[in-house]
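Values quoted throughout were computed directly from the atomic coordinates according to the rules given, and no laboratory measurement underlies them. Note that the structure is predicted; figures quoted are calculated from it, not measured. A quick note on method: Cβ atoms are made from the backbone with ideal geometry, for glycine too, and the neighbour counts reach across all protein chains shown.
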Amino acid sequence: MNLKLLDQISKISFVDIDDVMINGYGFKKMKEENGMITYMKFVNDDVDNFLIINIIDSKNYPYHSLDISIGKKFSKQKFIDNLIEEGYLYNGSNDYGFSTYKKEDTYYLISKEPNKAGSNQILKLYNE
C-alpha cells in the first residue's frame with residue numbers, strides 16, 4: 001500500500017474506479033452500495049496480509065474519503081513513516097483511539113491499537 005495509490009483512488013471518478021482497482025492494482029470488488037465501494041486484496045494469498053479499502057463518495061467534496069483496514073502483517077509504522085516523508089505532520093490523537101496526521105486539507109487517522117483480529121484501521125479524510 002502506498003500513498004500514490006491512495007491519492008489516485010481518492011481523486012478518480014467512480015466510473016473509472018473498478019478499472020484502476022481491479023485491472024491496475026489486482027483488487028477484488030467485494031460490494032457496492034449507498035455511495036461506497038469495497039475492494040479487497042490478499043498479498044501472497046496470506047490471510048494476515050490483506051488490504052480492505054472502502055471508497056466513500058464524498059458528494060460535497062471533489063475527493064473520496066477512504067476507510068482502510070490493513071492485516072496484521074502490514075507495517076503500520078512504515079505507513080506512518082511514509083506519511084511523514086511526504087510532509088504530513090502529527091496532529092495529535094482523539095478520544096476514539098486514532099492518531100491524526102495532516103497535510104494541507106488532507107487528514108489520515110490511524111488506529112492506535114489493532115482490533116481483536118489484529119488489523120488496523122486507516123481513514124483518509126478531507127477538511128472541506
Practice problem: Describe numerically, in nm with one decimal, the distance between label points set 7 Å from Cα along Cα→Cβ at residue 84 and at residue 44. | Solution: 2.6 nm
Exercise. Between residue 57 and residue 3, with labels modelled 7 Å along Cα→Cβ, what's the label distance in nm to one decimal, could you check?
Key: 2.9 nm
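Which entries in the list 31/76; 11/76; 29/76; 4/116; 78/103 go over 21 Å, if you measure between the two C-alpha atoms of each? Intermediate values should be presented prior to the final figure.
On the way: 31/76 26 Å; 11/76 23 Å; 29/76 24 Å; 4/116 29 Å; 78/103 18 Å.
From 31/76; 11/76; 29/76; 4/116; 78/103, over 21 Å: 31/76; 11/76; 29/76; 4/116.
If you average the sequence gap of Cα pairs under 8 Å that are 6 or more apart and divide by the length of the chain, what percent do you get for the contact order? Spell out each step's value before the answer.
Numbers: 218 pairs, mean separation 22.4, N = 128.
Relative CO of the chain lands at 17 percent.
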Exercise. Only one of the values [x] 1.26; [y] 1.17; [z] 1.02 was calculated from this structure for Cα Rg over 2.2 N^0.38 Å; name its label.
Key: [z]
